[in-house]
Each structure stands twice: as structure tokens, then as C-alpha cells.
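Okay, structure first, notes after.
What follows is calculated from the coordinates using simple rules that are stated; it is not laboratory data. Only a predicted model underlies this, so the values are computations on that prediction, with no experimental measurement involved. Glycine gets a Cβ as well: all are built from the backbone with ideal geometry, and neighbour counts include every protein chain shown.
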Amino acid sequence: MDFSFQGLVQTHTGQMESAFDKIIKCILHYSRLDVSLVRISNVTEDTFHISVDARATNTGPVPASISPMTLDLHNGQGNCFGQIFMPPLNTSMNGARVQVDNQLVKITSKAALLDFVGSILESTATVLDLRNGRCDVKALGVGPRSIVYSKTMQMKGMDGPRVTVAEVTPSGKNGADVQIVLRIANPSPIEISFGTCSFEIQTSGGDDNIEQRKVFAELKGRLDTRKGLFEVKLSGTLDKSVTLEPGKVRLVGKRCAGAGWCDDAVKAIDVELHGIHKLLRAIGVETIHAEEILDEKPKGRWFWMK
């Protein structure tokens, strides 16, 4: 080993470069993004706003700084539907918080965005790929070094979700008008504000023949999905001549007053509606199957049509 001043400097520099390379590998290959929130709001035909709250972990044992970058947003099939600007990050041995607040995204592919929204609604798991982020990294007095950052955010999907009648308030002549509060369980960290939407409560036979379904209620209200348990208030009219059979009642999306791609998404909603006994009791219809409804397992799901 060369113990001269120049030799020691070169050895130290080499060690710092080696350690810096390991940090780069951690950031590019071993780090992960643990997502606590993705919110899509203020939707229009060509844009939406997105907020993200996540934590980068496994970024390496020493602090590093990552410059701001623009990232492509890809669905699980690898198709890009927009871009997001990532602010600068300062990592530590505990990682770093990643936060994007109400950022405007221009939609580059509505089909790719619809596929992403569909996987959120229907699947038990979904992914959002961040790609092609060109940035600079500094650490240990070394750098900046340019890298291309890409990372996959793996998240739970809504897996249905389960929708249950929580409250019913009939009004109008013969109780034909009604306000219904639906309680929805969302296990995903993803929230989407669709705006004002129209729904129907339909009957369904054992073979779920859509052509043979009858419309029991036409309803309208805001659909703003939230994490965990949340409620949606819908108002509309009932057709009491239609008989509901517990276990064979569905909530079906019909229209969305906002963007066209949201309209397509809402029309794909077709989920079993639970807790029908509350609705039947509120409008004065007795049912001997109430206990069965309370104990039944969730069967609902969102059917994503392509």
C-alpha cells in the first residue's frame, strides 16, 4: 500500500467512489416506495390532479441527495398515461418521505389511464410504474452523477369493493323518492374523485342475465372514493313493483357528469349490493332473509369491460 500523501488520497477517493456506487445501486435496485396515499381529483377530459404520499426505504446507510425529476406514469401493462414532477429528495438511513401535492397531470393516453383505473377498482393488487426519471445523485462528497430512475409502486386494489346499504330515508308520494347512504370498504390507498354519477339498483337472476334484469331504483350522487370505510349519499326514485331478492341485487353505474373517461369507468361498475334488508324495511317490504344477508360473505366485484 502506498502511504504517501498522494497515495492515501487516491485510496480514500477510491473507497468513496466504491461506497458511492453502492448507494447508487441501493437507490436504483434495492430501494422501494411504500405508498400510503394516491389521490386522483379535479378530473377533466384531458387532465387530472394527483397527490402522492409515500416513503422511500432501503436507500442506503448514508445520506444522499437526489435532484428533482420528471417521471412517466405507466400502468401495469407498461403503457404511459401521463407525467409527474418529483421534488428533490434527501435520503438517510431511514429513507425519505416522498410527497407530491395536488399536481396537474396531462393525460397522454386515456386507454392506458382507464386500464389503470380498472385495475384499481377490480383487482386485489395494482401497480403504478414510475419510469425514465433523469436526475443527479450526490453522496459522501462524490457526484453529482446522472442516473435514470425507475420504480414500481405496488399497492392493494379495491377488490370489489364491498358495498352495503347503511341508511335509507324514503320520502315523496308513497315513499317513491328515496335517499340511500351506502357504506363502502376500500382496502386500497388509492382515492378517486369521480364527481356526480348516476346509478341503478337492479335485480339479477341466478345466471346473472343482464338482459333479464329489472331496475328497482334510479339514483344520483357524488362518488368520491376514500381509503378505508367511507360513505356515499345517493338520491332518486324507486319502482316498488320490482321485487328484490336478497343476494341477487346489484349496484350498476350508468353515467358520470364529468370527463368522458370517468363516464366509461362508472359504466363498468356492476357490484353486488349488500344489506338489502334495510332498504326493504324502510319502504315497508318484509323479508324473511334478513338474517341471511347479515351473515353472507361478500361476492361483489367491479367488472371492468375492455
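Sorted into 10 angstrom bins from 0, the C-alpha pair distances of the chain split as 6, 24, 25, 17, 12, 8, 4, 2, 1, 0 percent. Between residue 210 and residue 132, the C-beta separation translates, for a Förster distance of 30 Å, into a calculated FRET efficiency of about 0.10.
Taking max minus min of the alpha-carbon positions on each principal axis, region 5-156 gives extents of 65, 27, 24 Å, largest first. Residue by residue, region 132-139 carries 3J(HN,Hα) couplings of 6, x, 8, 8, 10, 10, 10, 6 Hz when phi is fed to the Karplus relation 6.51 cos²θ - 1.76 cosθ + 1.60 (θ = phi - 60°); x denotes Gly or Pro. Computed from the Cα positions only, the extents of region 162-295 along the three principal axes stand at 39, 33, 30 Å, in decreasing order. Sequentially through region 108-123, phi angles give Karplus couplings (6.51, -1.76, 1.60; θ = phi - 60°) of 9, 8, 5, 5, 5, 5, 4, 4, 5, 4, x, 5, 4, 5, 9, 8 Hz, Gly and Pro residues having no value and appearing as x.
In this structure the amide hydrogen of residue 195, modeled in the peptide plane, comes within under 5 Å of the amide hydrogens of 223, none closer than 5 places in sequence on its chain.
When each of 153, 158 is scored by the number of other beta-carbon atoms lying within 10 Å, the sequence from fewest to most is 153, 158. Computed from backbone phi, the HN-Hα couplings of region 93-107 come to 5, 9, x, 7, 7, 10, 9, 10, 10, 6, 8, 6, 10, 8, 6 Hz, rounded to whole numbers (Karplus: 6.51 cos²θ - 1.76 cosθ + 1.60, θ = phi - 60°; Gly and Pro given as x). When the alpha carbon coordinates of region 125-208 are projected onto the principal axes, the ranges are 77, 32, 18 Å, largest first. Sorting 81-87, 210-216 by average packing, meaning the other beta carbons within 10 Å per residue, from highest down gives 81-87, 210-216.
Around the amide H of residue 255, modelled in the peptide plane, lie the amide H atoms of 198, all under 5 Å away and 5 or more residues distant in sequence or on another chain. Note on region 261-278 and region 100-166: Cα centroid distance 25 Å, given to the nearest whole angstrom.
The local environment of residue 259, defined by Cβ-Cβ distances under 11 Å, has a net charge of -3 under the rule Lys, Arg +1 and Asp, Glu -1.
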